[in-house]
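For reference, the structure is listed below as structure tokens.
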Amino acid sequence: MAASTLAHRYAKALLDIGVERKIQDQIGRELDRVGGVFSQTPELQELFRNPKFDVAARKSVLGELLKRVMVSPVTRNFLFLLTEKDRMSSLKDIIQAFHALADESSGRIRAQVTVASALSEPELARLRTVLGKLTGRQVIVEPKEDPRLIGGVVTRIGGKVYDGSVRAQLATLHARLRESSI
Amino acid sequence: MRRFAFLPALGLTVLAQSAFAAGGGGHEEASFTPVIFQGLNLLILLGIIVHYAKAPLRRSLADRAAQVTRDIDEAARLHGEAEARLKEYEAKLASLQKEADDLLAEMKREGEHEKERLIADAKADAERIRREAERAAETEIARAKARLEAEIAQHAITAAERIIREKLQPADHRRLAGEYLSRLEERA
């Protein structure tokens, strides 16, 4: 089974439970927190990847982690299920699929906004508004800083990219210089 | 000819009898009679000989003459043939000489043509090599120029990026974000 299909199935099952209990947004946030801890902790990734650690050991560590991260019983049981099925390696894909499905079901859309310098709250609000007009949907902005942009903003939303970065302008200038020299 | 082999022997016998008869006579008058008889014998013998040998001798002579004539004709024919063959050989020799001359001339012509062709080929090769070398040089120059221009462009962009990074202030970030949002709002 393809990883995306598998992640979609797990995400759909979790979303159905969340919608039924009206905690889908909470589950989404909890998954983001757990996913963040996993992505920043290579030891955790090794624990769930290395076959020399059995399910009991993994569940024990996961239990300790979830005490600190604080998640709902639904999220907790879901993560233990993934551990038993040895599917924690797909957690990142499952979280992405969960958000996509949740956004789709609620008429929302996510925008990955990359900036060189953090946007102020009024700027973010203005961005949400204008992206909402462009897409006709409620927009969830996920900002991220990347100094390689030098300056400006890059927004990825619904398969489109609105690149207003200084890096892109320099790349365009570079291409024109190359073309004019040819 | 074998038929007349007895004639010398017969002649010798008659002569011997004549001599014996001449030696045995002691008287002058007695010696004429045997001589006459011997002469008659000789004449008779000759007559017999002529009578019997005339025709064969004539045939033999005629045959001989015919043979000699044939031999002469044959010799003439052979001579003629020899002369004809000589002329033929001479003609052939002359022809061979001409062929040899023609062949030599042809070889010279071919040699000249081959020489011209080789020279033409060599010139064409030289021209082709020269053009290829020119093209290679032009290509290499173009590549070097493109590399140089690319490096210049890259240096320019790198310098621009460095200067922008140095000069870019928080207010500039705000201005860039504002311009970005304005452009999006124009699209919306």
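What to note about this one:
- Note on segment A:131-148: among residues that are of a type in the set (A, V, I, L, M) and closer than 25 Å to A:ARG29 by Cβ, the one that is nearest to the other protein chains (Cβ to nearest Cβ) is A:LEU131.
- Residue list for segment A:108-158, filter: within 22 Å of B:ARG175 (Cβ to Cβ), in a strand (DSSP E or B) and of a type in the set (Asp, Glu): A:GLU145
- Answer from B:LEU86, B:LEU96, B:LEU78, B:LEU61 - the residue that is at pLDDT below 85 and assigned to a helix (DSSP H, G or I): B:LEU61
- Selection from segment B:134-169 of residues that are acidic (Asp, Glu) and within 29 Å of A:GLN169 (Cβ to Cβ): B:GLU149, B:GLU151, B:GLU161, B:GLU166
- The one condition from (1) part of a helix (DSSP H, G or I); (2) within 15 Å of B:ARG183 (Cβ to Cβ) that A:VAL161 does not meet is (1).
- Of the residues making up segment A:82-102, just one is more than 28 Å from A:ILE140 (Cα to Cα), in a helix (DSSP H, G or I) and open to solvent by 70 Å² or more (accessible area, probe 1.4 Å), namely A:GLU84.
- Listed by first and then second residue, the pairs with beta-carbon distance under 6 Å, at least 6 apart or on different chains, first residue in segment A:122-144 and buried (at least 18 other Cβ atoms within 10 Å of the Cβ), second in a helix (DSSP H, G or I), are A:GLU123/B:ALA177; A:ARG126/B:LEU181; A:VAL130/B:LEU184; A:VAL130/B:GLU185; A:VAL139/A:ARG128; A:VAL139/A:LEU131; A:VAL139/A:GLY132.
- Answer from A:ARG110, A:ARG126 - the residue that is more than 10 Å from chain B (Cβ to nearest Cβ) and not aliphatic (A, V, I, L, M): A:ARG110
- As a summary of the residue check, B:LYS108 satisfies the conditions (1) open to solvent by less than 100 Å² (accessible area, probe 1.4 Å); (2) within 22 Å of the chain's Cα centre (by Cα) except for the one numbered (1).
- Residue that is farthest from B:GLU185 (Cα to Cα) [pool: residues in segment A:164-182 that are outside any strand (DSSP E or B) and open to solvent by less than 20 Å² (accessible area, probe 1.4 Å)]: A:LEU170
- Subset of segment A:43-80 [surrounded by fewer than 17 Cβ atoms within 10 Å (Cβ to Cβ) and among the polar types (S, T, N, Q)]: A:GLN45, A:ASN50, A:SER60, A:SER72, A:ASN77
Matching residues to (1) modelled with pLDDT of 95 or more; (2) among the polar types (S, T, N, Q):
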site	(1), (2)
A:THR5	no, yes
A:ILE27	yes, no
A:GLY36	no, no
A:ARG49	no, no
A:THR75	yes, yes
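- Per the listing B:ALA188, B:ALA142, B:ALA153, B:ALA137, the residue uniquely away from chain A (no Cβ under 11 Å) and open to solvent by less than 80 Å² (accessible area, probe 1.4 Å) is B:ALA137.
- Among the residues making up segment A:149-171, those that are at the interface with chain B (Cβ under 10 Å from one of its Cβ atoms) and of a type outside the set (A, V, I, L, M, F, W, C) are A:GLY151, A:GLY152, A:THR155, A:TYR162, A:ASP163, A:GLY164, A:SER165, A:ARG167, A:GLN169.
The values are calculated or read from the model by the stated rules, or taken from the named source; none is laboratory data. Keep in mind the model is a prediction, meaning the values are calculated, not measured. Glycine gets a Cβ as well: all are built from the backbone with ideal geometry, and neighbour counts include every protein chain shown. Side chains included, ligands, DNA and RNA excluded: accessible areas come from the protein's heavy atoms. Shrake-Rupley method; radii C 1.70, N 1.55, O 1.52, S 1.80 Å.
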